Each structure stands twice: as structure tokens, then as C-alpha cells.
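Undergrad: Encoded as C-alpha cells, here's the structure I'll be asking about.
Quick note: the coordinates plus some simple rules give every number you see, no bench work behind them. Quick caveat, the model's predicted, so the values are computed rather than measured. As a convention, Cβ positions derive from the backbone with ideal geometry for all residues, glycine included, and neighbour counts pool all protein chains shown.
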Amino acid sequence: MNIDDKTTRALAASLKYRQMRQELIASNIANAETPGYKAKKLDFEDALARALDTDEQQTLKTTDSKHFNVGGGGFNNLQPEIYEESNGIVSPDGNTVDRDQEMADMAENKIMYDASIQLLNKKLGLMKYTVGSDR
Amino acid sequence: MDLLTSLKISSSGLTANKKRMAAITSNIANAQTTRTAEGGPYQPKEVVFGSEPAKESFSEILSGEMGENAQTVIAKEVSNSKKPPVLKYEPNHPDANAEGYVAYPNINTMEEMANMIEASRAYEANINAMNTAKSMALKDLEIGKN
């Protein structure tokens, strides 16, 4: 068992991007009444799935060190997407924040964040058990 | 750290809404004020919100993946509303003009009350966002603690 394996790196990436998402949601809620402010969203799930390459379809196999890494590219070049929400409600002053939607997204994000931490703890617990910790 | 930036953004929302609340209460309290230090009736106050990148220095913006996407809110200006005063015919009033009209501030108390509820809801939403960021940060400390 490797401490820096796929699971740990995926969970770490998930924690990082959920923190960023929380930041964006806080920004959207704070600016819910700023004229001209556009609601921003973060999409990282697709990028993470590509990096994990769960179905092994999206990455070209590299059998030689000189081969280019095409496709998923692993965790090092994860590219989450930050975009402006375009299908939301637009108020007369040009603001596109839907505060209720943001609150729901925030609740979901929080639950998934806690879940990731719990999984990470399970993983670490498993390792502790393997190395025979007496705790 | 990202969660601390979240806290900063939410606290900017609280400050902005507090300023807005101050303007609203001032308007309600002075709805009938016909005499001010500047002369004339009370001028209704209006708060204008604007946004600013949460990260201040250039290096912070450059190093962070968020760039300028996370924005704090600021109450940009507390300006006097451009609404003209309402004239009421009260010839016996001490502030009446030569024709017997008194200039009252153009304040709709109902409108101010509605704005107040909106400000209060916005404040609550920011508090909620702040609590979420806080509990996420506290949850971080539980990693590896089992």
C-alpha cells in the first residue's frame, strides 16, 4: 500500500477543489446584489474523472518514457473549469446570482467535503492498522 | 488558504449589509425630518454595492488558481438619493415656504421596510456561508485523527 496512491491523490484533489468551490459560492452570495456581477461556477468532476481514468478509455498507454502523455494526463495537470453561469436568472441590474441555488450548492459541497475527509480518514486508519499501530 | 479567503469574502458581505442597514434605519428615522444642518429636508441615503477581487496583491492573484474569480463585496458609496422632496401644503408649519408648502423627504417607509428585510436575509445568507467555511476548516483538523 502506497501513501501517495490514486485514492489519496484523488481525495486530496477533491478537497482542494471543494475549498475553491466554497470560495466561489461565498463570493456569489456576498455579491448577490452587486449590479452587473455574474455568478461563477467551478466544474472539476469531469477533470478529476479524466485524471482517475476510471474506464481506461481516455488515456493513451505509454510504454516508453519518451512517449507523450495524451488524454487524461494524471493529477499534475488537472484543469478545473471556472465559468460564468449563463442560464440563471438575470435581474434588471445585470446580476445573475440565484441565492437559494447557491445555498443548496453550498450544502451539497459541504456534505461531499465531509465525505471526502471521512474517506481519507478511513484510508489512513487502514494504513495505521497495517503498520500495527497500538491505538 | 482558500477557506480563510471564503471567510474574508463572507465578512465583506456582512460589513456591506450592515452599512446598508444603517442607511435604511437612518431613512426610516428621518422620514419626517424637514430641517437639517445642511439646510432643507433630510436627503434619503442610498448604498451602492460593488465587487473587488478577494486577493489583494498581484502575486497572490498570479499564484492562486482562482485568479480574480473570487470577489468580495464593498458598499461603494452612501450617496444622497436623487429623489426630489415632496411638497405638502401646511401653512402653519415653521418650515413652510412663502406659498405655505413644506418640503418633506421623499421616503416610502414601506419600501424601506422591504429593503430592510432583504438586507437582513442577505446578512443571514452570508453568516451561513461563513459558518460552512468555518466548519469545513475545522473538519480539516480531523484528518488523520482516529
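Undergrad: How large is the Kirkwood hydrodynamic radius of chain B, counting all unique pairs of alpha carbons, in Å? Mind dumping the intermediate values first?
TA: Working: mean 1/r = 0.0544 Å⁻¹.
The Cα-based Kirkwood calculation yields 18.4 Å.
Undergrad: Here is a further query. Tell me, what HN-Hα J-couplings in whole Hz come from the Karplus equation 6.51 cos²θ - 1.76 cosθ + 1.60 at θ = phi - 60° for each residue of the range B:39-44, using x for Gly and Pro?
TA: Residue by residue, the range B:39-44 yields x, x, x, 4, 9, x Hz.
Undergrad: Would you grab the residues whose amide H sits under 5 Å from the one on A:LEU78? Only those 5+ places off in sequence or on another chain, please, with H modelled 1.01 Å from N.
TA: none
Undergrad: List the lysines whose Cα lies under 20 Å from the Cα of B:LYS145, skipping any in the same chain that are fewer than 8 positions away.
TA: A:LYS16, A:LYS110, A:LYS122, A:LYS123, A:LYS128, B:LYS134
Undergrad: Give me Rg/Rg_expected for the protein assembly as shown, where Rg uses Cα atoms only and Rg_expected = 2.2 N^0.38 Å with N residues. Could the numbers behind the result be given before it?
TA: Numbers: Rg = 26.5 Å, N = 281, 2.2 N^0.38 = 18.7 Å.
Dividing the Cα radius of gyration by 2.2 N^0.38 Å gives 1.41.
Undergrad: To two decimal places, what compactness ratio does the range A:3-43 give when its Cα radius of gyration is scaled by 2.2 N^0.38 Å? Before the final figure, lay out each step's value.
TA: Numbers: Rg = 14.4 Å, N = 41, 2.2 N^0.38 = 9.0 Å.
Cα Rg divided by the expected 2.2 N^0.38 Å: 1.60.
Undergrad: With +1 on each Lys and Arg Cβ and -1 on each Asp and Glu Cβ, and nothing else charged, work out how big the dipole of the protein assembly as shown is about its Cα centre, in Debye to the nearest 20.
TA: Charge dipole, the protein assembly as shown, about its Cα centre: 720 debye, nearest 20.
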